[in-house]
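Colleague: Quick one: this structure, given as structure tokens, is what I'll be asking you about.
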Amino acid sequence: MTSANKTNGNLSRSSDDEQRHLAVLIDADNAQAAVIEGLLAEVAKFGVASVKRIYGDFTSPQLTRWKKALLKHSISPVQQFAYTSGKNATDSMLIIDAMDLMYTRRFDGFCLVSSDSDFTRLAQRLREEGLTVYGFGERKTPDPFVQACDKFIYTEVLRAETQTPEKSTPATDKPAKPKPTTTKAAAKDATTPAKTGKGVAAEVAEPAVASGPLPPPLSLIRQAIEDASDELGWANLAPVGAYLNKVRPDFDTRLYGYRKLSELLKSQPKHFAVEERAAAGSSGKALFVRVVG
């Protein structure tokens, strides 16, 4: 393949996210099996998961739930025995595989699934190679790893989307009896002493998003609109969203209770005005936003 053809091929793949080839690498010690369906659905938004591997010591009872999910989702397990207590060889194996895959030049990006900051340098190195890095982890993920990724998605959001809402009960004058909030599996786990330290995955049930939706970062959104606005203060919504993702890799409207950025902005009429216009040069529509006041 000539240099020109290779360049054109890369441009063609980059223009179509569905054709982007991604490597999904999961740290089983620091990720929960309950999020796998939502996680793979999210990965599909960015491209095709050409490689799906999960790393851990699958002889450990803590990874039982992961073992049940591997065959269903066609994920290749990479067994790594814990040779020494307190040391985690899983991270090293994942990093070595990531570098080997990187040098094949067959991938457009990597999906690193872990809440462990030890993968910060790996994310940086992959981006230095011109690859896109998508991070997936819990809200407890250290900020250095979050910022090292091009885009970071909190897995609590993915669990919230796959959970079915509970049926509401009619209000009565009598106070309702408190109901346990843990599932049967979580209650069973609660009877055993809690284990801490690296290499042990927390398999108990967790809230969809810790403490509910967050307040939207109004000042950050204002800055994004002002940077992309014209002389009248109006900005196309697309570059506003791109700016937010570049400045805050973990910016996700679902954290604030909305599926789309437009819905979030429309919910704040005291701060933002949203207007739909005909897109220039096409028959479609485009959304524009400006700061109110």
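The values are calculated or read from the model by the stated rules, or taken from the named source; none is laboratory data. Keep in mind it's a predicted model, so treat the numbers as computed, not measured. Reconstructed Cβ throughout: ideal geometry from the backbone, glycine too, with neighbour counts over all protein chains shown.
Colleague: Go through segment 240-251 and give me each residue that's surrounded by 20 or more Cβ atoms within 10 Å (Cβ to Cβ) and either part of a loop (DSSP other than H, G, I, E, B) or in the same structural domain as Val157 (by TED's automatic domain parsing) (or both).
Modeller: Pro249, Phe251, listed by residue number.
Colleague: Looking at the structure I just gave you, is Arg106 of a type in the set (Lys, Arg), in contact (Cβ under 8 Å) with a residue 24 or more places away in the chain and assigned to a loop (DSSP other than H, G, I, E, B)?
Modeller: Taking the combined requirement at face value, the residue satisfies it.
Colleague: In this structure, does Leu265 turn out to be crowded, with 18+ Cβ neighbours inside 10 Å and either assigned to a loop (DSSP other than H, G, I, E, B) or touching a strand residue (DSSP E or B) at 6+ places or on another chain (Cβ under 6 Å) (or both)?
Modeller: Considered against the rule, which asks whether it is crowded, with 18+ Cβ neighbours inside 10 Å and either assigned to a loop (DSSP other than H, G, I, E, B) or touching a strand residue (DSSP E or B) at 6+ places or on another chain (Cβ under 6 Å) (or both), Leu265 comes out as yes.
Colleague: Quick check on this structure: which one of Asp27, Asp57 is within 17 Å of Ser115 (Cα to Cα), in the same structural domain as Ala98 (by TED's automatic domain parsing) and of a type in the set (D, E, K, R)?
Modeller: Only one candidate passes the filter, namely Asp27.
Colleague: Let me ask you something else. Select, from Arg248, Arg254, Arg222, the only residue that is touching a His at 6+ places or on another chain (Cβ under 8 Å) and not hydroxyl-bearing (Ser, Thr, Tyr). Steps first, answer last, please.
Modeller: On the way: Arg248 fails: touching a His at 6+ places or on another chain (Cβ under 8 Å); Arg254 fails: touching a His at 6+ places or on another chain (Cβ under 8 Å).
Criteria check complete, one pass: Arg222.
Colleague: Something else now. All but one of (1) over 23 Å from Leu122 (Cα atoms); (2) at pLDDT 90 or above; (3) basic (Lys, Arg) hold for Arg53; state the number of the condition that does not hold.
Modeller: All conditions pass for Arg53, except number (1).
Colleague: Filtering segment 1-46 down to residues that are modelled with pLDDT under 80 and β-branched (Val, Ile, Thr), which residue is surrounded by the fewest Cβ atoms within 10 Å (Cβ to Cβ)?
Modeller: Once the filter is applied, the top-ranked residue is Thr2.
Colleague: Can you pull out the residues in segment 58-108 that are closer than 28 Å to Glu128 by Cβ and charged (D, E, K, R)?
Modeller: Lys87, Asp91, Asp97, Asp100, Arg105, Arg106, Asp108
Colleague: Can you find a residue in segment 63-83 that is part of a helix (DSSP H, G or I), modelled with pLDDT under 95, over 24 Å from Gln19 (Cβ atoms) and over 24 Å from the mean Cα position of the chain (by Cα)?
Modeller: no
Colleague: Just one of Ala228, Ala286, Ala224, Ala280 is over 22 Å from Glu138 (Cα atoms), surrounded by fewer than 13 Cβ atoms within 10 Å (Cβ to Cβ), aliphatic (A, V, I, L, M) and free of Cβ contacts under 8 Å to residues at least 60 places away in the same chain; which is it?
Modeller: On inspection, the qualifying residue turns out to be Ala280.
Colleague: With the checklist (1) touching an Asp or Glu at 6+ places or on another chain (Cβ under 8 Å); (2) in a helix (DSSP H, G or I); (3) at pLDDT below 90 in hand, flag the one item Ala187 doesn't pass.
Modeller: For Ala187, the exception is condition (1).
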